[in-house]
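Report on the structure given below.
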Amino acid sequence: VTGCKRQTPALTPKPGWVEQDAKWWWSAFKEATEIALKGIDLKKVKAIGITHQRCTNVPVDEDIKPLRSSINWMDTRCTKQVEWAIRNIGARRIYERTGYPPSVVWPLYEAMWIKDNEPEIFKKTYKWLAVFDYILYKLTGKIATTTGSATQMGCLDITKLTNWATDVMEICGVPQEMWPKILPPAVEAGTVTKEAAEETGLPEGLPVITAAGDQPCGCLGVGVTKPGIVGINGGTSCTFESLTPELRLDPNMNFYIEYNPMGAYAPEGPVMGGGGAMMRWFRDNFPPLESEEKEKGISVWDIIYKEAAEAPVGSLGLITIPYWRGALQPYWDPGARGIMLGFGLSHRRGHFIRSLMEGLAFELHRNIDLMEEATHYEITELRMYGGSSRSDIWNQIFTDVIGRPAITTQTPETTTLGAAICAAKGGGTYESIEEAAENMIHVRKRYEPLRENQAVYEKLYNGVYIKFYDRVKDIVHKISEITDYYP
């Protein structure tokens, strides 16, 4: 069963800080499960797979009670800890050991921040749990994580995928005992307890199957099952991910290494705060007039995407650099800012909307080129998923800018489908992940690049986009120095 949602709020106690109460995760899980189980014969439910937002962890005590709010993946507070790790270990060594260049995103450095700033909480910490780990405990009473969840802790041994990189952790002063044991994907991690069954409505004894974080599951669910395909998620952030049968690190550290439940390494990179977060920001701050929605009888998103479709290719020269929450690859720059250039009096709301979408596509173009160069696998197809994949104009812009055909599937929310595929294999419905994927994924639509659009985008990309941030980076950093604010 897939597709039932409940959102959890976020706390922002200081600029650059983003937190969540772990109890909200469990409440949202119970509410979504209640909806999903309506009208379902529980005797037919064989297993449950769980996917989750990554890089959001909570410290718990020996009774598995949260000691504080979780630090969310969008949080940027631990810049000093990242800088310390780079000076004392080296970014290259950390990348080669973990598959992840040092960054404020990874929970290893958040744990260091707690050690430095909240030492009493750090002393009381028994385990540092990701969202999956916490939900697993609430369902089964077991404490464990899975490879596709452990990768983004920033301290997994990328060459031995059920081990932590203890040498890196020791230097950082974060003991490996604080982290759960690591299980492979698509195996049983425990069964639903009587107490959890009463709270959720799930059958007591139901196997809970390991899956992976949201992006590896999303890519699995959209059909990224072999090299040469890249999954693009227009979720909260705009994330791209492919896969390689063998470990291929980037000499320039322009992507990090995830792990796909298919049993393959998954080069990945996000545009932080791009995608759904950026589009919701525009919707909330520059919404269509209420009368437009009432008169036309359509949703706000229909209006927004219609305006984008009516704007010309290239948005009359309005170009967006989509560093809404800093930049990861290729800059690894938490002080980066979103930039719009090329304003003119002729620009209207539709040009701004289209420019946001084109800017994200330009950034993905750059990163896919870098991925091809480092992995030596040519990307021949895009697989679009997440809420944005429902939009024809979104998919066509990405197809035209990147210059590869794009495919959408019948299930836009493919992260849950990826978890269901793992559950189908782990619960015995199918003998392999490959067989489950083949039977559970169905293509909805294919988009081909339009040559005339592609020609315009290539000129803007090569002539403006890939040159601009390098020329203004130092000036942009002055903003954070003056205002003491990081995005």
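Figures for the structure shown
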read-out	value
Candidate set: the stretch 230-285, residues that are in a strand (DSSP E or B) and of a type in the set (S, T, N, Q); chosen: the one nearest to THR151 (Cα to Cα)	ASN260
Residue list for the stretch 25-56, filter: touching a strand residue (DSSP E or B) at 6+ places or on another chain (Cβ under 9 Å) and under 16 Å from LEU139 (Cβ atoms)	TRP25, THR33, LYS46, ALA47, ILE48, GLY49, ILE50, THR51, HIS52
Residues (in contact with a strand residue (DSSP E or B) (Cβ under 7 Å, 6 or more places away or on another chain), open to solvent by 10 Å² or more (accessible area, probe 1.4 Å) and at pLDDT 95 or above) located in the stretch 385-406	GLN396, ARG404, PRO405
Scan of the stretch 407-455 for residues that are touching a residue at least 24 places away in the same chain (Cβ under 8 Å), among the small types (Gly, Ala, Ser) and surrounded by 14 or more Cβ atoms within 10 Å (Cβ to Cβ), ordered by number	GLY418, ALA419, ALA420, ALA423, ALA424, GLY426, GLY427, ALA437
Selection count where residues are among the hydrophobic types (A, V, I, L, M, F, W, C), buried (at least 24 other Cβ atoms within 10 Å of the Cβ) and in contact (Cβ under 8 Å) with a residue 24 or more places away in the chain, scope the stretch 150-164	4
Pairs, first over 30 Å from TYR265 (Cβ atoms) in the stretch 189-218, second open to solvent by 40 Å² or more (accessible area, probe 1.4 Å) and in a strand (DSSP E or B), C-beta under 6 Å, six or more apart	GLY205/THR191
Residue list for the stretch 93-110, restricted to those being modelled with pLDDT of 95 or more and open to solvent by 10 Å² or more (accessible area, probe 1.4 Å)	ARG93, GLU96, ARG97
Residues of the stretch 328-358 that turn out to be open to solvent by less than 40 Å² (accessible area, probe 1.4 Å) and in a helix (DSSP H, G or I), as a count	8
Breaking point among (1) more than 26 Å from the chain's Cα centre (by Cα); (2) at pLDDT below 90; (3) open to solvent by less than 40 Å² (accessible area, probe 1.4 Å), for GLU293	(3)
Verdict on GLU363 being outside any loop (DSSP other than H, G, I, E, B) and modelled with pLDDT under 95	no
Residue within the stretch 311-318 that is among the hydrophobic types (A, V, I, L, M, F, W, C), assigned to a helix (DSSP H, G or I) and in contact with a Phe, Trp or Tyr (Cβ under 9 Å, 6 or more places away or on another chain) present	no
Filter result (surrounded by 15 or more Cβ atoms within 10 Å (Cβ to Cβ) and acidic (Asp, Glu)) within the stretch 35-59	none
Residue list for the stretch 216-228, restricted to those being open to solvent by 10 Å² or more (accessible area, probe 1.4 Å) and outside any loop (DSSP other than H, G, I, E, B)	none
Hey, SER389 touching a Ser or Thr at 6+ places or on another chain (Cβ under 7 Å) and at negative phi or not	yes
Qualifying residue in the stretch 188-199 (condition: outside any helix (DSSP H, G or I), farther than 21 Å from VAL105 by Cα and of a type in the set (Lys, Arg))	no
In the stretch 315-327, the residues that are open to solvent by less than 30 Å² (accessible area, probe 1.4 Å) and on the phi > 0 side of the Ramachandran plot	SER315, GLY326
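The values are calculated or read from the model by the stated rules, or taken from the named source; none is laboratory data. Here the structure is a predicted model, which means the values were calculated and not measured. Ideal geometry is used to build each Cβ from the backbone, glycine not excepted, and the neighbour counts take in all protein chains shown. In case anyone asks, the SASA skips ligands and DNA or RNA and just uses the protein heavy atoms, side chains included. Shrake-Rupley method; radii C 1.70, N 1.55, O 1.52, S 1.80 Å.
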